Amino acid sequence: MLTRRHLLATTLAAPAILRFGPAQAATTLKISHQFPGGTIDKGDFRDRLTRVFAAEISKRSGGEIVAEVYPGSSLIKTNAQFSAMRKGALDMSLYPLPYAGGELPETNIGLMPGLVSSYDQGLGWKNKPVGKALTDFLADKGIMLITWVWQAGGVASRTRPLVAPEDAKGLKVRGGSREMDMVLQTAGAAVLSVPSNEIYAAMQTGACDAGITSSTSLISFRLEEVAKHLTSGAGQSYWFMLEPLMMSKAIFDKLPKNQQDIILTVGAEMEAFGRKGAQDDDVEVAKVYEKAGAKVATMDAAIVGKWRDIARDTAWKDYSGKTATSASLMKLAADA
């Protein structure tokens, strides 16, 4: 298990190179992600997760594995990372699964509005039929799921609060997935499709009135600087995103079994780190926005139910009709 004594090395941002043992004997893995870089114990928890993972696999392999962390999409542009892993051109990424929806529509199960309503439910997928089906599907497409990370989301708004579906009418909103966009459009919003690291610029220029994203991204991308309202997802949320640490299967399969075992073991252990980081930020985000002068609202079960009802009639049906795999995943998820 991970303990504080495992977190000794503190490193700065891109690229962060964590080396243990003789470099000439090491397998070097490049880990890319879109989020701001920090250190192993300060900053965006997703960046810290990759750094702790890197340090731990190097330690446990006795220096056989070297991991380099590239934050801020400094190695590969955000939307290209998934395809690069599938081709074996990128080793690993902590990547929002539905960002791959244009390439593999089945991955949009990772942000299906109203489907997942708690961390227990989302993380519980891993050991249920839906998790096995999703894992097998991704492996067949060249992707290994190493660490399951779920994040609740909220809304940063420039002009007026976006809490219930009726608040969306007339707003230009970034939803985060094709399915979330369908729900927003049904509620009367116009939608904007950009990765979370581009929401700030879109809101700053007025191209976007409100951005829905994880609590951590609401903090890390400093959206409180361009928002007057926050809808927190801390208590209830219709927006839960699967944002796992992934690995190229082509690269994984080339590693000796002892290194594969270390990666899988440490990856599973990091899930507790990911959950704590996400839930801590669910609480912290309200403090950040209140300090900046924004008004903070929360959601209750009735509001989440309104969003779920729209999603069930639109996004859920649309997704289920895409492919046989989509239909199967949706059914398994509904039963999970």
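Table for the structure above
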{"item": "Structure-based [θ]222 nm, the chain - -39500 (n - 2.57) summed over DSSP H runs of at least 4, per residue, nearest 500", "result": "-12000 deg cm²/dmol"}
{"item": "Estimated distance in nm for a label pair at Glu103 and Thr186, the labels positioned 7 Å out from Cα along Cα-to-Cβ", "result": "2.9 nm"}
{"item": "Placed amide H near Val66: partners under 5 Å, 5+ positions off or other chain", "result": "Thr27, Thr28, Leu29"}
{"item": "Farthest positive-ward along the chain dipole, Cα basis, beta-carbon charges - from Pro161, Gln279, Met92", "result": "Met92"}
{"item": "The chain - accessible surface per residue (Å², probe 1.4 Å)", "result": "39 Å²"}
{"item": "Calculated from backbone phi, Karplus (6.51, -1.76, 1.60) coupling profile of the stretch 247-260 in Hz, x at Gly/Pro", "result": "9, 4, 5, 4, 6, 4, 5, 7, 7, x, 4, 5, 6, 4"}
{"item": "Simple label model, 7 Å out from Cα along Cβ direction - Ala301 to Asp136, nm", "result": "3.5 nm"}
{"item": "J(HN,Hα) series, the stretch 77-89, from Karplus relation 6.51 cos²θ - 1.76 cosθ + 1.60, nearest Hz, glycine and proline x", "result": "4, 3, 6, 8, 5, 5, 4, 5, 5, 4, 8, x, 8"}
{"item": "Fraction in percent of alpha-carbon pairs per bin - 10 Å, the chain", "result": "6, 27, 35, 23, 8, 1"}
{"item": "Sorted peptide list for 59-69, 143-153, criterion being average Cβ within 10 angstrom, highest first", "result": "143-153, 59-69"}
{"item": "The chain, accessible surface, carbon-and-sulfur percent (1.4 angstrom probe)", "result": "52 percent"}
{"item": "Karplus-derived HN-Hα couplings along the stretch 66-75 (A = 6.51, B = -1.76, C = 1.60, θ = phi - 60°), whole Hz, x at Gly and Pro", "result": "10, 10, 10, 9, 10, x, x, 6, 6, 9"}
{"item": "For Trp150, residues with placed amide H under 5 Å, excluding near neighbours", "result": "Glu243"}
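The values are calculated or read from the model by the stated rules, or taken from the named source; none is laboratory data. None of these values were measured; they are calculated from a predicted model. Every residue, glycine as well, gets a Cβ built from its backbone with ideal geometry; the counts of neighbours run over all protein chains shown. What goes into the accessible areas is simple: the full protein's heavy atoms, side chains included, and nothing from ligands, DNA or RNA. Shrake-Rupley method; radii C 1.70, N 1.55, O 1.52, S 1.80 Å.
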